[in-house]
Structure formats: structure tokens, C-alpha cells
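Each value in this text was obtained by applying a stated rule to the coordinates, not by laboratory testing. Computed from a predicted structure; not experimentally measured. For neighbour counting, all protein chains shown are included, and Cβ atoms are generated from backbone atoms with ideal geometry for every residue, glycine included.
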């Protein structure tokens, strides 16, 4: 039976996977389609039996789990971290905390996701029309909130309308995972004071995946 740390680690991996994809898309215009599908489809799982069910499987979060390990390395490896990604993660956590106290906005998001879910069933979860719909939900509900998540990258990628929709949809997925992380007992202070514990749990899960 998964424990609290297990579930929190999966939810944190969900955040990291989403924002890492945003980071890569903004910087080099590329992302892994399968990893994006995992993140986007997590938005539509609103009544899961378990945290694992939100993402389909632990295997689908391999990228996010590895990102946790990469960003919480030892002091001597600090230069290998990308602090831009950590900034995105922390902003998503802050926004999820604020959303928890805004029932009206949560209602708007829920209604929008329900509409997008029907659209995804008709097309696919990562169809351009679905991503545009999810991006609009983000723009109308979360984008006006503070802190604003300002994405840094190359102008040629950040001005591409398709990329913009993907980025906003992935940020919505990141915040969905941040909400889940809080529901599992995650708190922002853990991000600063329990880093080694998070790395240990992520490594355990990655070792389990290596045995599959």
C-alpha cells in the first residue's frame, strides 16, 4: 500500500514533468509527445482511485522523477541545476495554494475541463483544438493570478501560437499536480527542508522502474 511520501513524490514528479516540458519547448521548441500526453491527460482525471491512476502508471512519470533527482543534487553539483525550472515549480505551488481558497475560480476551471474532456474524447487529449481549449481555461482563470508565471525562452518559439497553447495547457497540468501534491499532504516548506527525502523516494521509484 503506497504511503504518503510515495504519493507526494508522484505528484511532485507530475509538476516537474510538466514544467520541464514547458522549459524545453520555450528554449528549443521541442518536447516528448508521450510525456506531454501523460501530463495533459492527468487534467481530465478528476475522480481517481489513486495518485498513480492520475498519471496512468509510474512509468509515465519517469521524466518527472528523474527531474526531481537532477534538481535536488548535492551542493557540489549545484551548477547543473536549472533554477528556472525550480522557479516554475514554486510558482505552481503558490498558485495551487491560492486556488484552494477560490471556489468560484475552481468551479470555472472544473466546468472548462469538463468541456475539454468531451472534446478530447471526440479527437484526442493532445489534439490542437483540445490544447487550445485548455490554454484558454488557463488564460481566463489562472493567468490573472499572482505570481504570474513568466516563461523565458527563445522568441521564435514563444511567439508560435501552437507552442503558446501547449505551454499554457502544460502549466494547467502542472497546477493540477500541485493541487494533488497538497491534497497528499505536501507543503511548500518541504521543498526547501526535505529535499534529500524527496530524492531518496524518487530514486527508489526509478530503481523499481529499472527492474521492469
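Modelled label-to-label distance, residue 33 and residue 209, 7 Å Cα→beta-carbon offset: nm?
If labels sit at residue 33 and residue 209, their model points lie 2.0 nm apart.
For region 4-210, what's the relative contact order in percent, using C-alpha pairs closer than 8 Å and at least 6 residues apart?
Relative contact order for region 4-210 comes out at 39 percent.
If each of residue 114 and residue 102 carries a label point 7 Å out from its Cα toward its Cβ, how far apart are those two points in nm?
It is 2.0 nm.
Against the longest alpha carbon principal axis of the chain, how many degrees, from 0 to 90 and to the nearest 10, is the axis of helix 103-122 turned?
Tilt relative to the chain: about 80 degrees.
Please work out the FRET efficiency for the pair residue 121 and residue 146, using the Cβ-Cβ distance as r and a Förster radius of 41 Å; give the result to the nearest 0.05.
FRET efficiency, residue 121 to residue 146: 0.75.
Considering every pair of different Cα atoms, what Kirkwood radius, in Å, is found for region 85-207?
Over region 85-207, the inverse of the mean reciprocal pair distance is 15.8 Å.
Assign one of three labels to region 122-185, namely rounded, prolate or oblate, based on the Cα gyration tensor with a ≥ b ≥ c the square roots of its eigenvalues; rounded applies when a/c is under 1.5, prolate when it is not and a/b is larger than b/c, and oblate otherwise.
Verdict is oblate for region 122-185.
With a 10 Å Cβ neighbour count serving as the proxy for reagent exposure, in which order, fewest first, do 157, 83 appear? Kindly include the intermediate steps, with their values, before the conclusion.
Numbers: 157 19, 83 9.
By the 10 Å Cβ count, ascending: 83, 157.
Going by how many other Cβ atoms sit within 10 Å of their own, how do 85, 45 line up, fewest first? Don't jump to the answer; show the numbers that get you there.
Working: 85 18, 45 15.
Least to most surrounded, the residues fall as 45, 85.
What is the helix-to-structure angle for 161-183, meaning the angle in degrees between its Cα long axis and the longest Cα principal axis of the chain, kept from 0 to 90 and rounded to the nearest 10?
Roughly 50 degrees between the two axes.
Sorted from fewest to most neighbouring beta carbons within 10 Å, what does the list 192, 16 look like?
Sorted ascending by nearby Cβ count, the order is 192, 16.
What is the Cα convex hull volume of region 13-147 when expressed per residue in Å³?
Expressed per residue, the convex hull around the Cα atoms of region 13-147 is 125 Å³.
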